[in-house]
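Enquirer: Structure below; questions to follow.
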Amino acid sequence: MDDFSLGPAVIGPVMDELEVINRFLGGHRVFRDAMLRLDLQHGMRISDWGCGGGDSLRDLAAWARRRALALEFEGIDATLTAVRYARDHSREFPEIAFVHGDVMEGLPGCGRPDVVISSLFTHHFPDAEWVRLIGRMYDCARHAVIINDLHRHWFAYHAIGVLTRALSRSEMVRHDSRLSVLRGFRRSELERLLEQAGIPRYSIEWKWAFRWQIIIHK
């Protein structure tokens, strides 16, 4: 999934399966729970860095509608095929816009978002780049940053291997899901990296299934 040139024949089935996995394993709930802890107001903008197929934003947009909360959403991804997939699958949500761009090379989009989020994105970066990425998120967001990423644990590694072998038709999903767990984090590692990034106010909570919810407050 680190190959930004992947075509639709590869990306499409992968994004379909990742949305099911995120829903089944509680990935979307991590963001909804975090949003309840923020003082969200009408008109605020949520920016998802490394948005992939846009499933996190679609879930949040539906959540906001149920709460009669008028929010704007933006997804940014460096893989053009993923952005096109996200646009095609989000037509019923005009409040979501998707931008093709590399967040490490610039800040695409219009103005500063109120909240920057990322899901299963930060584990793709080595430590020094992780610190730089979180610094960019912190500088860009007006109010908060929410990171949803993986807890590196032996049970999670073997469980996702069994699950994807049984349910996935994609060799990439079967391979990358286990690799992603190995690239995940222990709490002490996150605390060390956040300290290196100079982040003064944050919370880290463990969420099912083997997810970390990190809320960085401005």
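Enquirer: Stretch ARG187-LEU69 to full length: gain in nm at 0.36 nm per residue minus the Cα-Cα span?
Expert: Working it through step by step, the gained length comes to 39.2 nm.
Enquirer: Can you tell me the Rg and Dmax of the chain, counting just the alpha carbons, in angstroms?
Expert: So, for the chain, Rg and Dmax equal 16.2, 44 Å respectively.
Enquirer: Could you pull the Rg and Dmax for segment 105-218, using just the Cα atoms, both in Å?
Expert: Looking at segment 105-218, its Cα Rg and Dmax stand at 15.2, 44 Å.
Enquirer: Something else now. Compute the accessible area per residue over the chain, keeping the other protein chains in place, probe 1.4 Å, unit Å².
Expert: For the chain, the per-residue accessible area is 48 Å².
Enquirer: Let me check I have the definition right: for segment 75-150, take the eigenvalues of the Cα gyration tensor, multiply each by 5, take square roots. What are those semi-axes in whole Å, largest first?
Expert: That gives 21, 15, 12 Å for the three semi-axes.
Enquirer: Something else: Probe radius 1.4 Å, ligands and nucleic acids ignored: give me the carbon and sulfur share of the accessible area of segment 69-162 as a rounded percent.
Expert: That share works out to 55 percent.
The values are calculated or read from the model by the stated rules, or taken from the named source; none is laboratory data. Since the model is a prediction, treat every value here as computed from it, not as a measurement. Remember, those area values only see protein heavy atoms, side chains included, never the ligands or the DNA or RNA. Shrake-Rupley method; radii C 1.70, N 1.55, O 1.52, S 1.80 Å.
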